[in-house]
Amino acid sequence: MNKVFSDQSLLSAAGAAEMLGVTPQAVRDLIASGELDAQRIGRMFVLSRSQVERLTRAPRPVGRPLAPATAWRLVGVLSGRSPGSLGTDRPLRLREQLCRGSAAELAARLRVRARPQALDITTGTWRRLLEDPRIVPSGAGLSLTLDAYIAAAALPDVVERYGLRPTTDLGGGGLVVLRAVPRSVPASLAPRRPRTPEVVQLLDAIESADPDRHTEGALAFADLWQARCAALSV
């Protein structure tokens, strides 16, 4: 079986593994964890080349994985909330997790905040989605790609209600990326309407398949991270 399909925008798990310099099993693990979105065709996984290229640019997480709730607490601190106001009994530990290493390493570890699902939408559906109180727009969408957050428990009903269809074609039109916030994240930490905070929009941009958006997001996130850590050290 060829590693690369005749459609050059698609890859098999073996082709993705070759691009990432890992084993096919490692790619399947990334699919299972939600870091890579894939469709199954027969016994094979099919992935979009653009999202695999995104991972080649992104740093790999360093150290122990964060719990999703901890990731959202760190997002809260980056957004200006005090560590002690985020439902933790170890605010000093939270500051240490935030400011150690580099901004790029932190951004990689914060990917656990939500599991992205790329979905095809029909004309006019995005406006209807925005009216649904369960949807929190991110405001960081490309011209043909729209980002929003939703509680994982609500995602199946939203997908069914609005006729959304999973896709791996990140280069196509009519695409929405719904980022499912894990059930383990308290409502007090999850993003709320009307829109996600700036730091979340920057993280979305860093994870984008678009190189320019990725670079702009990474630079802005690094500036925000440095400023916040400097303020916490005073």
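Any read-out appearing in this document is the output of simple, stated calculations on the displayed coordinates, not a laboratory observation. Predicted model, so just to flag it, every value in this text is computed and none were measured. Every residue, glycine among them, receives a Cβ derived from its backbone with ideal geometry; neighbour counts consider all protein chains shown.
Here the chain carries DSSP beta bridges of which approximately 70% are antiparallel, counting only pairs with both residues inside. Using the rule -39500 (n - 2.57) for each DSSP H run of four or more residues, divided by the residues of the chain, the 222 nm mean residue ellipticity is -12500 deg cm²/dmol. Derived scalar couplings between HN and Hα for segment 17-23 equal 4, 5, 5, 8, x, 10, 7 Hz in order, rounded to whole Hz, by the Karplus curve 6.51 cos²θ - 1.76 cosθ + 1.60 (θ = phi - 60°), x for Gly and Pro. Under 5 Å between amide hydrogens, built in the peptide plane, is the criterion, and for Leu10 it picks out Phe5, Arg49 among residues at least 5 positions away or on other chains. Placing a pseudo-label 7 Å from each Cα along the Cα-to-Cβ vector at Arg28 and Arg81 gives an inter-label distance of 3.9 nm. Ordering Leu94, Leu232, Leu119 from the fewest to the most neighbouring beta carbons within 10 Å gives Leu232, Leu94, Leu119. Under conditions of 10 °C and 1.306 mPa s, the chain yields 86 µm² s⁻¹ as its translational diffusion coefficient, taking Rh as the Kirkwood radius over Cα pairs in the Stokes-Einstein equation. According to the calculation over all Cα-Cα pairs in segment 10-57, the P(r) per 10 Å bin from zero is 31, 65, 5 %. Using the Cα centre of the chain as origin and beta-carbon charges of +1 (Lys, Arg) and -1 (Asp, Glu), tell me which of Val159, Leu86, Ile135 is placed farthest towards the positive end of the dipole. It is Leu86.
Calculated FRET efficiency, Arg195 to Thr123, Cβ-Cβ distance, R0 = 25 Å: about 0.60 to the nearest 0.05.
A full extension of the chain between Arg165 and Leu224 corresponds to an added length of 17.7 nm, given 0.36 nm per residue minus the alpha carbon distance. Put in order of Cβ neighbour count within 10 Å, fewest first, the listed residues Val22, Val199 become Val22, Val199.
The fewest-to-most ranking of Met19, Met44 by surrounding Cβ atoms within 10 Å reads Met44, Met19.
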